[in-house]
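*Asks:* Handing you a structure now.
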């Protein structure tokens, strides 16, 4: 099974911890994940959340971001509220990116991410899914 995961700019520096967690739990042997950065997709690091969300949906990419709040009209929260459908892919939100440095936390995050990838139908239309 292979999936491409789009890293929001605020989480891309922590992807090494997710990759480590996937290896530590053995999920990397069952799931092939390609993590891509915004700029690899032609998006600027400071692209509005609404543009990033729409890009991920249009290209069938799972979007991972850090937990953050921004309530303007282009925020992720506002965009999901306005545009999410029952078929939309969820936004995977790491509850605390700095805790990914901790073995237990990153392994739980990796397992939660693997579950979302293996059972995508359980998460379509959910809007946002927090891990771990």
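*Asks:* Please find the FRET efficiency linking residue 29 to residue 130, where r is the Cβ-Cβ separation and R0 is fixed at 35 Å, and quote it to the nearest 0.05.
*Replies:* Values: r = 26 Å, r/R0 = 0.73.
Here the calculated transfer efficiency is 0.85.
*Asks:* Here's something else I'd like to know. To the nearest 10 degrees, how steeply does helix 15-25 sit against the main Cα axis of the chain, on a 0 to 90 scale?
*Replies:* Helix 15-25 sits roughly 40 degrees off the main axis of the chain.
*Asks:* Roughly speaking, what % of Cα-Cα pairs in the stretch 37-84 are separated by over 17 Å, rounded to a whole number?
*Replies:* Numbers: 308 of 1128 pairs.
Within the stretch 37-84, distances greater than 17 Å cover 27 percent of Cα pairs.
*Asks:* Now for a separate question. Give the peptides 18-27, 123-132 in descending order of average Cβ contacts within 10 Å, highest first. Provide the component values of the computation, followed by the final result.
*Replies:* Values: 18-27: 17.8, 123-132: 16.2.
In descending order of packing, they fall as 18-27, 123-132.
*Asks:* When only C-alpha pairs under 8 Å and at least 6 residues apart count, what is the relative contact order of the chain, in percent?
*Replies:* Details: 217 pairs, mean separation 39.6, N = 132.
Averaging sequence separation for qualifying contacts and normalising by length gives 30 percent for the chain.
*Asks:* Over the stretch 44-119, what is the mean sequence separation of C-alpha contacts under 8 Å (at least six apart), divided by residue count, expressed as relative contact order in percent?
*Replies:* Computed value for the stretch 44-119: 29 percent relative contact order.
*Asks:* Where Rh denotes the Kirkwood radius from the mean inverse Cα pair distance, what is Rg over Rh for the stretch 6-79? Could you put the intermediate results ahead of the total?
*Replies:* Details: Rg = 13.3 Å, Rh = 13.2 Å.
When Rh is taken as the Kirkwood radius, the ratio is 1.01.
*Asks:* As a test of the formula, what do you get for the chain when each DSSP H run with n ≥ 4 contributes -39,500 (n - 2.57) and the sum is divided by the residue count, at 222 nm and rounded to the nearest 500 deg cm²/dmol? Don't jump to the answer; show the numbers that get you there.
*Replies:* Values: 4 runs with 45 residues, N = 132.
-10500 deg cm²/dmol, from helical runs alone.
*Asks:* Another question, if that's okay. Please give, to one decimal in nm, the separation of the simple spin-label points placed at residue 103 and residue 58, each 7 Å out from Cα toward the Cβ.
*Replies:* 4.4 nm
*Asks:* Also: Calculate the length of the line joining the C-alpha centroid of the stretch 1-30 to that of the stretch 57-117, in whole Å.
*Replies:* First find each Cα centre; the distance between them is then 13 Å.
*Asks:* Right, something else. Just the number, please: percent antiparallel of the DSSP beta bridges in the chain, rounded to the nearest 5.
*Replies:* Working: 0 of 17 bridges.
If I count the DSSP bridges inside the chain, around 0 percent turn out antiparallel.
Taken together, the values in this text are just the output of simple stated rules run on the coordinates, not laboratory data. These numbers were taken from a predicted model, which means no experiment stands behind them. FYI the Cβ positions are ideal-geometry reconstructions off the backbone, even for glycines, and counts take in every protein chain you see.
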